[in-house]
Each structure stands twice: as structure tokens, then as C-alpha cells.
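Once you've had a glance at the structure underneath, I'll fire off some questions.
What follows draws every value from the coordinates through simple rules; no lab data is involved. The shown structure was predicted, so the numbers you read here are calculated from the model rather than taken from an experiment. As a convention, Cβ positions derive from the backbone with ideal geometry for all residues, glycine included, and neighbour counts pool all protein chains shown.
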Amino acid sequence: MGTVTIGVSIAVPEPHGSLLQQRRAGFGDAAAHGIPTHVTLLPPTEVDEALLPAIEAHLTEVAGAGRPFPMRLSGTGTFRPLSPVVFVQVVEGGEECAWLQKQVRDASGPVARDLQFPYHPHVTVAHGIAEEAMDRAYEELADYDAEWPCTGFALYEQGADGVWRKLREYTFGGPVVPPQAAAPVEQDSLPVDRY
């Protein structure tokens with residue numbers, strides 16, 4: 001077994017995800033088609049492939065402790081000149097994203113790591129392209145707005161071709177409804193947890 005490059009993120013659902021991916025490609029960002037539209041929780045991280053089961057178990061625990069929350073994107077921002085990135089802003093759900101990414105990178109977990117920059121939830125729409133194209137992305141998406149209920153996140157792996165592919169989704173709240181929210185159920189009719 002070798003190493004793999006993984007990432008953890010919240011996918012931007014349809015139709016918003018495809019629209020922003022097409023806009024990113026339209027601004028001349030060649031990486032756009034290999035990167036599903038997302039809010040990062042764990043940036044690209046190289047890990048030993050043998051650690052994947054432990055990482056998946058850790059992410060299951062993190063998701064189990066999470067709860068659905070409203071996500072809203074609105075307007076644009078940029079990390080320039082520090083980093084050549086234009087993004088759509090997360091205006092609702094940012095605190096929840098910050099909590100989640102901290103749990104994912106927890107020092108006692110299998111993917112503990114420090115970040116190059118302070119965590120700032122966002123959706124990249126242009127990265128490392130010509131300044132004029134970055135300006136265009138910033139201006140053309142300034143009125144962009146989208147919202148949805150965020151119900152989980154996913155683990156991705158970057159292939160040798162540079163394309164990010166989803167390995168597994170994690171839904172908030174674990175596989176069992178909290179007892180206070182469920183009607184009494186006969187013990188033998190409860191679903192079996194296979195994970």
C-alpha cells in the first residue's frame with residue numbers, strides 16, 4: 001500500500017454545484033472539471049492508504065455528532081494578494097463548518113494537521129488564473145445567491161489524473177434517530193448498524 005491524497009468537504013448540491021463548476025471553467029480555471037463544487041473541511045492531505053479505515057471510522061463519529069444546518073452562499077470575496085483565489089462567500093453555516101473542520105482535524109484523530117492559513121469557509125470559483133479573469137469572476141458572481149439544508153459531508157480521493165472522486169458520504173446525526181424524537185419501537189425491529 002502506498003499513500004493517497006484525500007480531502008473532506010461539503011458538496012454544493014444541484015443545481016448550484018454544476019452551475020458554479022461551469023462558471024469556474026468559463027473563467028479559464030483548467031482544474032474546474034476535476035473538482036466538484038464544495039466547501040472544504042479538510043484540505044488536500046496525503047495519508048497512508050492503510051489509514052483509510054481509521055479515517056472513515058473517525059469521520060463517521062464526527063458526522064454522528066453533527067446536526068443538519070442551513071447553508072447559504074451570497075456574494076464574492078478574494079484571498080488576493082495572499083493567495084490567488086476568488087470565492088463565493090458562505091454567509092450562513094460558517095460557524096458549523098468551522099466546528100466540523102476542527103473535529104475532522106482533531107489532534108487525537110487520524111488526520112490531525114495544521115492549516116497553512118486560518119480556516120475560512122468558502123466556495124472557490126477561480127484559482128491561480130490570470131488577474132483579469134479573477135476580476136471577472138469576482139464581478140460576475142457578486143450577486144450570486146444559493147441556499148440549502150446541509151445534511152452531511154463526504155470523503156474524497158484525488159486520482160492520478162488530478163480528478164477528485166467521492167469515496168463515501170457521511171450523514172449528520174448517525175444512523176439512529178435520537179430517542180426523544182422517535183416513537184417507541186419494538187427492540188427487534190430496529191435497523192442493524194452495519195458500520
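Note down the relative contact order for the chain as a percent, whole number, built from C-alpha pairs under 8 angstrom at least six residues apart.
29 percent
Next question. Can you bin the stretch 1-97 into rounded, prolate or oblate? Criterion: square roots of the alpha carbon gyration tensor eigenvalues sorted a ≥ b ≥ c, rounded for a/c under 1.5, prolate for a/b above b/c, oblate for the rest.
oblate
On to the next question. Which one, Thr40, Ala112, Gly94, projects farthest toward the positive side of the charge dipole computed for the stretch 25-123 from Cβ point charges (K/R +1, D/E -1)?
The residue sitting farthest along the positive end of the dipole is Gly94.
Let me ask another. What angle, in degrees between 0 and 90 and rounded to the nearest 10, separates the Cα long axis of helix 131-140 from the longest principal axis of the Cα atoms of the chain?
Tilt relative to the chain: about 60 degrees.
Relative to the present Cα-Cα distance, how much length would full extension add between Trp148 and Ala130 at 0.36 nm per residue of separation?
Gain on stretching Trp148 to Ala130: 3.3 nm.
Another question about this same structure. For the pair Glu139 and Ser74, how long in nm is the line joining their label points, each one 7 Å along Cα→Cβ?
2.4 nm
Compute the helix-to-body angle for 16-26: its Cα long axis versus the longest principal axis of the chain, expressed 0 to 90° and rounded to tens.
Its long axis makes an angle of about 30 degrees.
Assuming 0.692 mPa s and 37 °C, estimate D for the chain with Stokes-Einstein, Rh taken as the Kirkwood radius over Cα pairs, in µm²/s.
The diffusion coefficient I find is 183 µm²/s.
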